[in-house]
1. Can you compute the FRET efficiency between residue 69 and residue 110 using 1/(1 + (r/R0)^6), with r the Cβ-Cβ distance and R0 = 41 Å? Round to the nearest 0.05.
2. Once you sort the root eigenvalues of the Cα gyration tensor of region 104-151 as a ≥ b ≥ c, which label holds: rounded (a/c under 1.5), prolate (a/b larger than b/c) or oblate (the other case)?
3. Stretch residue 145-residue 157 to full length: gain in nm at 0.36 nm per residue minus the Cα-Cα span?
4. Could you list the residues of region 143-184 with an amide nitrogen less than 16 Å from a label point located 7 Å from the Cα of residue 197 in the Cα-to-C-beta direction?
5. So for each of 106-117, 154-165 I average, over its residues, the number of other beta carbons within 10 Å; can you give me the resulting order with the highest mean first?
6. Determine, for each peptide in 186-197, 85-96, the mean count of other beta carbons within 10 angstrom over its residues, then list the peptides with the highest first.
7. Each label point is 7 Å from the Cα along the Cα-to-Cβ direction; what then is the distance between the points at residue 128 and residue 179, in nm?
8. What does the extension gain come out to for residue 166 and residue 80, with contour length at 0.36 nm per residue minus their alpha carbon separation?
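Read-outs throughout are calculated quantities, based only on the coordinates presented, and are distinct from any laboratory measurement. Bear in mind that the values here come from a model prediction, so they are computed numbers and not experimental data. Neighbour counts run over all protein chains shown; Cβ positions are idealised from the backbone, glycine included.
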Amino acid sequence: MATEKGKFSADIGEDVIAAALDSVEQRTRSGEQPAAVEDPVVPAPEVPAEAPPARLAAAEARVAELEAQLKAERESALRAAADLDNARKRAQRDLQEGVRFANEKLLKDFLPVVDNLERALGHGNATRDWASLEKGLQMTRKQFEDTLARHGARPLTALGQAFDPNLHEAMGTVETTEAAPNTVMSEVLRGWMLNDRLVRPALVSVARAPVVPAEPAAPEGEAETAAASKGLP
């Protein structure tokens with residue numbers, strides 16, 4: 001390594017020093033004058049040459065290329081984040097619009113039912129033809145139920161069926177011998193299903209067996225007379 005400008009230091013091997021000392025001792029024992037020991041030749045270290053201009057220019061060009069690539073990747077990531085945020089906001093708006101107008105198709109299907117009901121009522125008020133009004137109302141009810149059926153809604157058939165607490169709600173009981181106990185005798189309000197889900201249970205009256213009154217106990221004297229008349233002891 002250079003210590004001062006123009007001067008260099010180098011390590012001299014121990015074997016070279018040992019050989020020089022051994023030679024001096026041999027000459028001294030033999031009476032010869034020791035020859036002057038020349039300084040070992042130390043080769044000058046290699047000084048790295050400066051990088052060629054072409055290599056430096058290539059490195060600078062590579063750095064510029066990487067910086068441009070990094071900038072492009074950053075801009076692409078920012079655009080992707082902005083697009084994702086816009087898509088999220090658009091999906092949220094679509095969801096809100098869908099919730100607000102989810103029943104639009106249902107409303108359009110029921111508008112003709114309302115129109116027919118209004119026409120039937122107007123015709124009945126104008127003509128006082130109650131038979132025709134009744135017939136028109138029955139037709140309107142049929143149209144209403146058909147519209148409900150297209151949307152998966154159907155009424156429950158409870159009359160005459162066995163009482164089912166999962167589908168029916170008992171509003172009272174009726175004593176009768178014409179049907180088995182727990183039979184639905186009348187419907188106060190029809191129940192409705194939406195596809196396979198119960199929307200409203202049917203409000204019904206349920207049959208129960210009549211209570212038979214117990215016979216009153218006969219007085220003691222009358223009981224003996226009745227027994228004697230039957231030949232009992």
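1. Numbers: r = 62 Å, r/R0 = 1.51.
Calculated transfer efficiency: 0.10.
2. In terms of gyration-tensor shape, oblate.
3. 2.9 nm
4. The answer is 151-154, whose backbone nitrogens lie closer than 16 Å to the label point.
5. The most tightly packed comes first, giving 154-165, 106-117.
6. Averaged packing, sorted descending, gives the order 186-197, 85-96.
7. In this crude spin-label approximation the distance works out to 4.0 nm.
8. Working it through step by step, the gained length comes to 25.6 nm.
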